[in-house]
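Participant: Dumping the structure here so I can ask a few things about it.
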Amino acid sequence: MLKRCIFVIGMLLVVGCSSRKSTDALGVKPQHLTPEEWISLSQPGERHELLSAFVGEWDVEVVSWRDPKANPERSKAHSSSTWILGYRYVREKFVSLERGPRYEGLGFLGYDAGAKLFTTVWMDSLNTSIATSKGLFNPATSTLEFRGEIYDPLLGRTKETKTFIRVLSKDSFEVSMVDRTARGIEFQSLQMTYRRQGGSANNASRQG
């Protein structure tokens, strides 16, 4: 069970909405920028404030599914997230609390002001690959929606995966992943619920 949960978590960070435009269409155009706006692209801005919701110490409940008909497999983990590099990125350190070999994951979440897209990076102790993805924020559902690709050794090819990070309250958020079977059938393969340790702590605390 633990290995499956770890494998799915390691493939995380890829979600999307089908209506998303291309990066070029979303990104800023150089001919439209003033010198001041060029400088502002290197600074954290309003969109970065959305990432404050994920800063803190978290208890994590993990539920995963091997396939559409499989019974859910459950485990627990701990996550610690903090601001780095002048409030530009949120760094997450993820550790499984299950018995067995220690699993550790390291993730980065940011906002690319030039491309006008949120970005993620993920690496862990069970892989030699680095997963990256890009996505948008849907204010109607308070959800970050990412899309990306990752090589699946079980399929022997690269596949697309989708991940949704939905803010539930100031003290909780949910990460869910949509996977595909070898026949291309989509199903929910992962759901992780993050609950802030200590309840209503100040989730906007920062480290530069």
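Participant: With the requirement that a residue be under 14 Å from the mean Cα position of the chain (by Cα) and either outside any strand (DSSP E or B) or acidic (Asp, Glu) (or both), what does region 168-183 give you?
Facilitator: Quick first cut of region 168-183, residues under 14 Å from the mean Cα position of the chain (by Cα) only: 173-178.
Passing the criteria: only 174.
Participant: While we're here: Does residue 129 satisfy being within 27 Å of residue 76 (Cβ to Cβ) and without any contact (Cβ under 8 Å) to a residue 60 or more places away in the chain? It would help to see each step written out before you state the result.
Facilitator: Working: within 27 Å of residue 76 (Cβ to Cβ): yes; without any contact (Cβ under 8 Å) to a residue 60 or more places away in the chain: yes.
So residue 129 passes the test.
Participant: Please verify whether region 66-85 includes one or more residues that are crowded, with 18+ Cβ neighbours inside 10 Å and outside any strand (DSSP E or B).
Facilitator: No, region 66-85 has no match at all.
Participant: For region 157-191: of the residues being among the hydroxyl-bearing types (Ser, Thr, Tyr) and without any contact (Cβ under 8 Å) to a residue 12 or more places away in the chain, which is farthest from residue 64 (Cα to Cα)?
Facilitator: Start the filter on region 157-191 by keeping residues that are among the hydroxyl-bearing types (Ser, Thr, Tyr), which leaves 158, 161, 163, 169, 172, 176, 181, 189.
From what's left, without any contact (Cβ under 8 Å) to a residue 12 or more places away in the chain: 158, 169.
On the way: 158: 21, 169: 23 Å.
Here the residue is 169.
Each row is one residue, and each column tells you yes or no for (1) closer than 26 Å to residue 102 by Cβ; (2) polar (S, T, N, Q); (3) modelled with pLDDT under 90; (4) buried (at least 16 other Cβ atoms within 10 Å of the Cβ).
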site: 147; (1), (2), (3), (4): no, no, no, yes
site: 154; (1), (2), (3), (4): yes, no, yes, no
site: 171; (1), (2), (3), (4): no, no, no, yes
site: 186; (1), (2), (3), (4): no, no, yes, no
site: 189; (1), (2), (3), (4): yes, yes, yes, yes
site: 203; (1), (2), (3), (4): no, yes, yes, no
site: 206; (1), (2), (3), (4): no, no, yes, no
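Participant: Please go through region 88-103 and pick out each residue that is touching a Leu at 6+ places or on another chain (Cβ under 9 Å) and under 21 Å from residue 194 (Cα atoms). Let's see the steps before the verdict.
Facilitator: From region 88-103, those touching a Leu at 6+ places or on another chain (Cβ under 9 Å) are 89-94, 96, 98-101, 103; that's our starting set.
89, 90, 91, 92, 93, 94, 96, 98, 99, 103, listed by residue number.
Participant: Next question, about the same structure. With respect to residue 98, determine if the residue is among the charged types (D, E, K, R), more than 14 Å from the chain's Cα centre (by Cα) and buried (at least 17 other Cβ atoms within 10 Å of the Cβ).
Facilitator: Numbers: among the charged types (D, E, K, R): yes; more than 14 Å from the chain's Cα centre (by Cα): yes; buried (at least 17 other Cβ atoms within 10 Å of the Cβ): yes.
Criteria met by residue 98.
Participant: Now a separate question. Please go through (1) in contact (Cβ under 8 Å) with a residue 40 or more places away in the chain; (2) of a type outside the set (Ser, Thr, Tyr); (3) more than 19 Å from residue 197 (Cα to Cα) for residue 154 and return the number of the only condition it doesn't satisfy.
Facilitator: The number of the failed condition is (1).
Participant: I need a count of the residues in region 112-138 that are among the hydroxyl-bearing types (Ser, Thr, Tyr) and buried (at least 21 other Cβ atoms within 10 Å of the Cβ). Steps first, please.
Facilitator: Step one: filter region 112-138 for residues among the hydroxyl-bearing types (Ser, Thr, Tyr), giving 119-120, 125, 128-129, 132-133.
Now restrict to residues that are buried (at least 21 other Cβ atoms within 10 Å of the Cβ): 120, 133.
Of the residues in region 112-138, 2 are among the hydroxyl-bearing types (Ser, Thr, Tyr) and buried (at least 21 other Cβ atoms within 10 Å of the Cβ).
Participant: Would you mention how many residues in region 191-201 are among the basic types (Lys, Arg) and either in contact with a His (Cβ under 8 Å, 6 or more places away or on another chain) or at pLDDT below 95 (or both)? Before the answer, list the steps.
Facilitator: First, pick out the residues of region 191-201 that are among the basic types (Lys, Arg): 195-196.
Narrowing further to those that are either in contact with a His (Cβ under 8 Å, 6 or more places away or on another chain) or at pLDDT below 95 (or both): none.
Qualifying residue count for the region: 0.
The values are calculated or read from the model by the stated rules, or taken from the named source; none is laboratory data. Since the structure is predicted, the reported quantities are computational estimates derived from the model, not experimental observations. Counting neighbours? That spans all protein chains shown, and the Cβs are built from the backbone with ideal geometry, glycine included.
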